[in-house]
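**Q** Provided herewith is a single structure, encoded as structure tokens, for subsequent inquiry.
The values are calculated or read from the model by the stated rules, or taken from the named source; none is laboratory data. Keep in mind the model is a prediction, meaning the values are calculated, not measured. Neighbour counts are summed over all protein chains in view; Cβ atoms, including those assigned to glycine, are modelled from backbone coordinates with ideal geometry. The area values use the complete protein model at the heavy-atom level, side chains included, leaving out ligands, DNA and RNA. Shrake-Rupley method; radii C 1.70, N 1.55, O 1.52, S 1.80 Å.
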Amino acid sequence: MFTSINEFSQEWNQEAASTQKVLDALTDASLQQEVSSEDRTLGRIAWHIVTSTPGMINEFGIKMNNVENADTTPVSAQEIAETFRKVSADVVEQVEKQWTDESLTEIQNVFGMNMPKAVTLSLLIKHIIHHRGQMTVLMRQAGLKVPGIYGPAREEWSQVGMEAPAL
């Protein structure tokens with residue numbers, strides 16, 4: 001749980017940058033990759049990350065503009081990536097403007113659960129991490145290179161002078 005807005009901002013910026021790397025690696029064609037016809041496509045998951053972030057922030061009581069046309073997944077991977085770039089910067093700006101370190105311990109009802117404000121910010125970060133993981137699997141299925149997040153991806157091991165782990 002965060003004890004300061006600065007701690008949140010640092011972690012958000014790190015995780016948002018990792019998510020941005022994944023979004024920047026998408027192609028227009030890859031957006032249609034799916035696990036099954038009953039599940040979200042890669043593009044829909046990516047757009048969900050982008051559009052649900054302001055929705056969650058608003059639910060937490062921080063005023064932030066929602067993404068326009070949130071119900072329509074763009075066909076442009078670049079549009080999704082650029083929109084997230086703006087949303088992720090706005091998250092930090094609005095949290096820093098509207099909450100204080102002291103307010104992080106305040107209890108509020110979010111999604112029917114009572115929790116400290118600091119916990120809601122952790123949920124936001126966990127939410128993008130969760131969906132980013134889903135995206136990386138679909139990216140592999142779509143034939144895309146997956147960027148390393150917490151260490152090198154398969155294709156990146158040679159760049160650090162090592163062999164990728166064996167199957």
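**Q** Could you tell me the largest-minus-smallest coordinate of the C-alpha atoms of the range 1-93 on each of the three principal axes, in descending order and whole angstroms?
**A** On the principal axes, the range 1-93 reaches 42, 23, 22 Å in Cα extent.
**Q** Is it possible to state the helix-based mean residue ellipticity at 222 nm for the chain, with each DSSP H run of 4+ residues giving -39500 (n - 2.57), the sum divided by total residues, to the nearest 500 deg cm²/dmol? What is it? Write out the running numbers ahead of the final one.
**A** Values: 4 runs with 85 residues, N = 167.
The per-residue figure over the chain is -17500 deg cm²/dmol.
**Q** While we're looking at this one, here's another question. Nearest 10 degrees, 0 to 90: what angle lies between the long axis of helix 77-98 and the longest principal axis of the chain (Cα atoms)?
**A** Tilt of helix 77-98: around 20 degrees.
**Q** Continuing with the same structure: What's the magnitude of the charge dipole for the range 8-153 around its Cα centre, counting Lys and Arg as +1 and Asp and Glu as -1 at the beta-carbon? Answer in Debye, nearest 20. If you can, show how the numbers build up before the last one.
**A** Numbers: 12 positive and 18 negative charges, 71 e Å.
Charge dipole of the range 8-153: 340 debye, to the nearest 20.
**Q** In whole percent, how big is the carbon plus sulfur part of the accessible area of the range 1-126, probe 1.4 Å, protein atoms only?
**A** Working: 3010 of 6490 Å².
Summing carbon and sulfur atoms, their accessible area is 46 percent of the total for the range 1-126.
**Q** In degrees from 0 to 90, rounded to the nearest 10, what is the angle of the helix 117-141 Cα long axis to the longest principal axis of the chain?
**A** 10
**Q** When you take every Cα atom in the chain, what is the radius of gyration, and what is Dmax, the widest Cα pair distance, in Å?
**A** Both quantities, over Cα of the chain: 17.0, 50 Å.
**Q** Within 13 Å, Cβ to Cβ, of Met139, how many net charges do the neighbouring residues add up to if Lys/Arg are +1 and Asp/Glu are -1? Each step should come with its number before you reach the end.
**A** Values: positive: Lys21, Arg132, Arg140, Lys145, Arg154; negative: Asp24, Glu34, Glu155.
The answer is +2.
**Q** Tell me, what is the 1.4 Å probe accessible area of Leu144, in Å² to the nearest 10?
**A** We get 30 Å² for Leu144.
**Q** Using +1 at the C-beta of Lys and Arg and -1 at the C-beta of Asp and Glu, which of Met56, Val91, Ser36 has the Cα lying farthest in the positive direction of the dipole of the chain?
**A** About the Cα centre, the residue reaching furthest to the positive side is Ser36.
**Q** In what sequence, highest mean first, do 146-152, 12-18 appear when ranked by Cβ atoms within 10 angstrom?
**A** Details: 146-152: 14.1, 12-18: 16.1.
Put in order of decreasing packing, that is 12-18, 146-152.
**Q** In degrees, nearest 10, range 0 to 90: what is the angle between the Cα axis of helix 42-59 and the longest Cα principal axis of the chain?
**A** 10
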